[in-house]
1. From the cross-link list 128/365; 468/656; 274/314; 365/468; 405/656; 556/656, which pairs have alpha carbons spaced over 31 Å apart?
2. Less than 14 Å Cβ to Cβ from residue 211, Lys/Arg counted +1 and Asp/Glu -1: what total charge do the surrounding residues give?
3. What does the net charge come to around residue 124 if you take all other residues with beta carbon closer than 12 Å to its beta carbon, with K and R at +1 and D and E at -1?
4. Using only the Cα atoms of the stretch 547-647, build the gyration tensor, take square roots of its eigenvalues as a ≥ b ≥ c, and label the shape rounded, prolate or oblate: rounded if a/c is under 1.5, else prolate if a/b is larger than b/c, else oblate.
5. If you consider only alpha-carbon coordinates, what radius of gyration and Dmax does the stretch 240-326 have, in Å?
6. Can you tell me the length gained on complete extension of the stretch residue 138 to residue 197, counting 0.36 nm per residue apart and subtracting the Cα distance?
7. Run the numbers on the stretch 240-326 and let me know its relative contact order in percent, using alpha-carbon pairs under 8 Å that are six or more apart.
8. What does the extension gain come out to for residue 86 and residue 225, with contour length at 0.36 nm per residue minus their alpha carbon separation?
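Derivation of every value follows stated rules applied to the coordinates shown; laboratory data play no part. Worth saying up front: this structure is predicted, and the values here are computed from it rather than measured. In this analysis, Cβ positions are derived from the backbone assuming ideal geometry, glycine residues included, and neighbour counts consider all displayed protein chains.
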Amino acid sequence: MSGPNGKRPTLVADKRKQAAPKRKKTKPKAKTRRTRQKPTSRNPVVWLFRTVLRLVWGIGWRAGALTAIVIALGVAYLAATLPPATALLDGRSRGSVTMLDREGQVFAWRGEQFGGQITADTVSPYLKNAVIATEDRRFYRHFGISPRGIASAVRINLSEGRGPLSGNGGSTITQQTAKLLCLGNNYSPDSGMSEAEFEADCRRTTLARKIKEALYAMAMEVRYSKDEILTIYLNRAYLGAGARGFEAASQRYFGISANELLPSEAAMLAGLLKAPTRYAPTANLQRSQDRANLILGLMEDQGYLTPEDAAVAKANPAVLSEAAEARAGGYYADWVMDQGPAFLTEDTTEDVIVRTTFDPEIQTKAEKALQFIFETKVKPGSEAQAAIVVMSPDGAVRAMVGGRKFQGVAGQFNRAVQAKRQTGSAFKPFVYAAALDLGFSPNTTVTDEPTCWDVPGSGRWCPENYTKDYRGTVTLTEALYRSLNIPAVKVFDRVGREAVANIATDFGIESDLAVGPALALGTSESTLLEMTAAYAGILNGGSSVEPYGLVELTLKGDSQPILEQEGGIGERVISPEAARQLIYMMHQVIERGTSTRAKLPDGREAAGKSGTTQAARDAWFIGFTADYVTGVWIGYDDNTPLAGVTGGGLPAEIWKETMVAIHEELPVRPLPMMLPDRVAGEPSAQRQRRRNDNDNAVERVIINVLNDIFGR
């Protein structure tokens, strides 16, 4: 179909309205209320735990952060207040006293010895490694405290039934150094505590102190390098026998610097850190060596020593130097400390060097003589005590045995100096010295017969001889060598108490002397040192003697001494002639009197006198040769009577053993004595020889004294 113009018409949709599709009508649903359903399985305990945990965490991290800030500020403040490390190396409040013998060799120390500053860089690497292996193997890896070490220590303490802070402390070297520094507090005498009490207080283990110690240790880690901390520790650690620091300990025990220590020596010193007194080699060398072997094992396990080096060290354990090993002179050293002013000895704040008159060889020989007699002639288990003093004629004390045993600890009771005992017949030479000085002769006679004296305040006194018999008319010489009591009291009565007392006092007997005639028999008390010095006064020609041991006192590092002693001879007490006569009389005591057991071999002349007190509570023998004066005392500390002992017995034998030993290499020299004009039974040839000897007596005494002062 086409349109009017012949074209097909365009298709057009019907113009009718197309209806939109109709929505199906549905019945609306009824509205329902939406409600939350309750959980069906909630645990209230879990909920509570989570709530508390959130609360604790919320508070805890804030408190922890605040605590960390406070700790950091505290550590920073402490670190800022710490002085340079070099100022902390020598923290002693007291100085030390080093004693040299007559040859200039060290034989004793007193006070706190500080050998000089050492550093972790220059000290023997064996020592450095031994200390770290023993005390703190993680020293270079922690920040001052070791939580692992503390936890381990607490576990060990609890497992052994102790408190968590008792016993093992788990302290690092830094913490131990903090303790040594007493957390920065220095000792002051004004504190009211002794230094030992102060140090004990610094080492108290409490929770509060542990916290302070940890803070101080961390501050040190901030302020100092690890090697600086170790340097402080090496210089301040106490290592027994008064040694502060490893340099002092090395010098004291081995006689070398800490820079030169071998593995065995380093291990022994490191072992002292656990218990210095117990493991000190001067106390028990074997125990110290066993401890050192344990340290060597630790060094091997931690790679500081090869197995070969460790084996060599164990096979060659460290030994003491001669100076440390020589335990002789302990009593002597105590006595010398009293010779100088306290501010330079007992209380010195300086390091002092004291040169003395001490002779270690004589000391050893005296000790051996005492030991020999007690082992061979005294009942085993006897608690009797003894003392020996050896001196030169000018009072220079060469040896001193203050008792049968010396434990190496300063301050023990010295019976040679501190024990005042009745002297018995050992006092009689002073009675005869007074008589001879007044013009009596060794041949002056006196009657030995029963005699009584009326003593004011005491009544009638009738002394007896020891033998209970009487010899009639005797010379003063015989009266002395037989130790007769009646003649001694008669002579005392004739010359007067004042004359005898004055001579005894002038010779150095400082004790109060008895008033009555019993003084002649030695009822007054004296010390062995006083009596020996008084006899030295007789030997040197009648001049008093002040016993001395200190020759020079010098501050360490100085070349000029600040104290010097040139001899102990004082003022004249009796005439030289009286002294030489008395020496002859005392010589007869040994030759044919009560003390023949003291007679020396090889024709060496000696003189002396024994003494036995009432009930034999004390037994003495004091005598001399031309070279030395030696005194011996035996008795009980509690005054128990001696059983069967007299001065002419065991004391004379100890004296002889001592004198034979110390004269072994000395030439035989005669005594400076004067022979009386007539002596019953004396051969004329012997009398002439003694007269010739008397001509040079004074010269010999002078030569002897000069030899003792300046050396042979």
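1. On the way: 128/365 41 Å; 468/656 28 Å; 274/314 20 Å; 365/468 38 Å; 405/656 20 Å; 556/656 40 Å.
Beyond 31 Å between Cα atoms: 128/365; 365/468; 556/656.
2. Numbers: positive: 179, 204, 209, 210, 212; negative: 213.
Surrounding charge for residue 211 is +4.
3. On the way: positive: 128; negative: 121, 247, 260, 265.
Overall, the nearby charge balance is -3.
4. Working: a/c = 2.49, a/b = 1.51, b/c = 1.65.
It comes out oblate by the Cα gyration axes.
5. In order Rg, Dmax, the Cα atoms of the stretch 240-326 give 12.0, 36 Å.
6. Numbers: separation 59, 0.36 × 59 = 21.24 nm, distance 3.19 nm.
Additional length available on full extension: 18.1 nm.
7. Working: 98 pairs, mean separation 29.3, N = 87.
Relative contact order for the stretch 240-326 comes out at 34 percent.
8. On the way: separation 139, 0.36 × 139 = 50.04 nm, distance 1.23 nm.
Stretched fully, the residue 86-residue 225 segment lengthens by 48.8 nm.
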